[in-house]
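Novice: Starting off with a structure, shown below.
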Amino acid sequence: MVGTHGARIFSLILATTWLTLSTSGALLGPSGVYTENFDSMGAVGTAPPSGWQVYSIAGASNTWINNTGSNSTPAVGAIPNGAAVAGGTASVGLVANDNPTASQNNGYNATGASGAASDRGIATAPTGIAGSTIELLLTNGTLSPISALTVSYDMRRYQVGADNATRTPGTGIPELSEELPGYWLFYSLDNGVTYTAVNSLIPVGAGPSSQPIVPNTVGLTSVSNSSFTLSGNWNVGSNLLLRWVDDNAIDPSPDEIFGIDNVSVAVPEPSSMAAIVVLSLLLPGCFSRRR
């Protein structure tokens, strides 16, 4: 009989070997924490780090709109969910520009959250399309299925938009420019066939709000330790896609320009998990099974 310690070592070796053969993106390793600050791109790099890509999503403006009532109300036919997030045209290379002020669909290698020359981030400024997405492909390299995540990231605001300082809920197309003043996070557990929105991370232009507040100014918005449950298990060795969506705002132009930096994806600590797991996990016998 193989002892518990030996079984764990065998499982680790097996998982590591399998992941070495199968991983095509970034890896959430045994520590349960993945971080990326994009500084490896350097000031003139055109390739994002391993596992990252910018995609252009074809379509018209007014596609992704906050439907929680704290930002604006979708127009008839708008899609305030993950239906229009899948697919897209991959960027042919980032454009190095420390402080972008012009629209383009390949994405920018721009200065990061601090603004220092060596601090890098990825920025988007979509034009003529529904919007841009910044995607991270992660493989579960832990030894357990994952049912919830905690994410942190910074959104740097490079350029003020023409008209998006406030939001007026109502019917029809919003009068103001940015439907999404910042990035809205979606995830996929089936390699990009379907996406699920993390509605608690829909950005809004003004507070008070529990959602990320991204005002129409040059500056920084930090999203810290936001936890959410997944719609299913992220199994060992399988992929998770995270997509941060930047909509191409309706007129007037120019749009506000944003970037992302200092991304952290982690398995929640047990104390955090207790606040976000579903009620069924609290049924009698749960704790004895988990020990």
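Novice: Taking region 182-195 only, how many residues are open to solvent by less than 50 Å² (accessible area, probe 1.4 Å) and farther than 21 Å from G259 by Cβ?
Specialist: Counting residues in region 182-195 that are open to solvent by less than 50 Å² (accessible area, probe 1.4 Å) and farther than 21 Å from G259 by Cβ gives 3.
Novice: What's the total number of residues in region 172-191 that are farther than 25 Å from D154 by Cβ and either under 14 Å from the mean Cα position of the chain (by Cα) or at pLDDT 80 or above (or both)?
Specialist: Result for region 172-191: 3.
Novice: I need the full set of residues from region 214-226 which are surrounded by fewer than 19 Cβ atoms within 10 Å (Cβ to Cβ) and touching a strand residue (DSSP E or B) at 6+ places or on another chain (Cβ under 6 Å), in order please.
Specialist: Passing the criteria: V218, G219, L220, S222, S224, N225, S226.
Novice: Can T133 be described as surrounded by 21 or more Cβ atoms within 10 Å (Cβ to Cβ), at pLDDT 95 or above, farther than 22 Å from S226 by Cα and β-branched (V, I, T)?
Specialist: Criteria not met by T133.
Novice: Out of the residues in region 127-139 meeting the condition of being assigned to a loop (DSSP other than H, G, I, E, B) and small (G, A, S), tell me which one is farthest from G259 (Cα to Cα).
Specialist: Among those that are assigned to a loop (DSSP other than H, G, I, E, B) and small (G, A, S), it is G128.
Novice: Only one of these is within 24 Å of L240 (Cα to Cα), at pLDDT 95 or above and not in a strand (DSSP E or B): T124, T150, T142. Name it.
Specialist: Only one candidate passes the filter, namely T142.
Novice: If you don't mind, another one. Based on what the data block shows, is N239 farther than 16 Å from G112 by Cβ, of a type outside the set (A, V, I, L, M), touching a residue at least 60 places away in the same chain (Cβ under 8 Å) and open to solvent by 60 Å² or more (accessible area, probe 1.4 Å)?
Specialist: Judged against the criteria, N239 is not a match.
Novice: I'm trying to understand the selection: among the residues of region 103-114, which are farther than 15 Å from V218 by Cα and either assigned to a loop (DSSP other than H, G, I, E, B) or modelled with pLDDT under 95 (or both)?
Specialist: Of everything in region 103-114, just one residue is farther than 15 Å from V218 by Cα and either assigned to a loop (DSSP other than H, G, I, E, B) or modelled with pLDDT under 95 (or both), namely S103.
The values are calculated or read from the model by the stated rules, or taken from the named source; none is laboratory data. None of these values were measured; they are calculated from a predicted model. Cβ: placed from backbone, ideal geometry, glycine included. Neighbour counts: every protein chain shown. For the accessible areas, the whole protein counts, side chains as well, though only heavy atoms, and no ligand, DNA or RNA atoms are used. Shrake-Rupley method; radii C 1.70, N 1.55, O 1.52, S 1.80 Å.
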